[in-house]
1. Which residues make up the longest stretch of the chain clear of chymotrypsin sites (Phe, Trp or Tyr not before Pro) that lie in a DSSP loop with no more than 16 other Cβ atoms within 10 Å, not counting the sites?
2. Can you pull the three principal axis extents for the Cα set of the chain, in Å, largest first?
3. Once every DSSP H run of n ≥ 4 in the chain is given -39500 (n - 2.57) and the sum is divided by its residues, what mean residue ellipticity at 222 nm do you get, rounded to the nearest 500 deg cm²/dmol?
4. Amide H to amide H, which residues 5 or more places from A14 or on other chains are under 5 Å from it, using H placed in the peptide plane?
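Laboratory data are not the source of any read-out in this text; all were calculated from the coordinates shown. All figures in this text were calculated on a predicted structure; none of them were measured in a lab. Positions of Cβ are generated from backbone atoms using ideal geometry, with glycine treated the same way; all protein chains shown enter the neighbour counts.
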Amino acid sequence: MTLEVFNYTKYEDATCSRCGKALRQCYVVARVDDGDGYEWRMFDEQCWNEIKHLSPEEIYQTYEPAGYL
């Protein structure tokens, strides 16, 4: 599995994979073949700053996909 990390803009229609807060600007850890985003792990800035020391693989395995509102 190949993962990528990138910034993304949501329109408060998804929630942080860690804290559940509605997202606007977020950080994403995703499989490169998941173009639809249904399995993306998305994080707000505060949560990202607390977990970014982990590898993308650890983040992907630890957190559930972002929820959708």
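1. On the way: sites that count: Y11, Y38.
The longest such stretch corresponds to 39-69.
2. Dimensions of the chain along the principal axes of its Cα atoms: 28, 26, 18 Å.
3. Calculated at 222 nm, the ellipticity per residue is -5000 deg cm²/dmol.
4. Here L23, L69 satisfy the definition.
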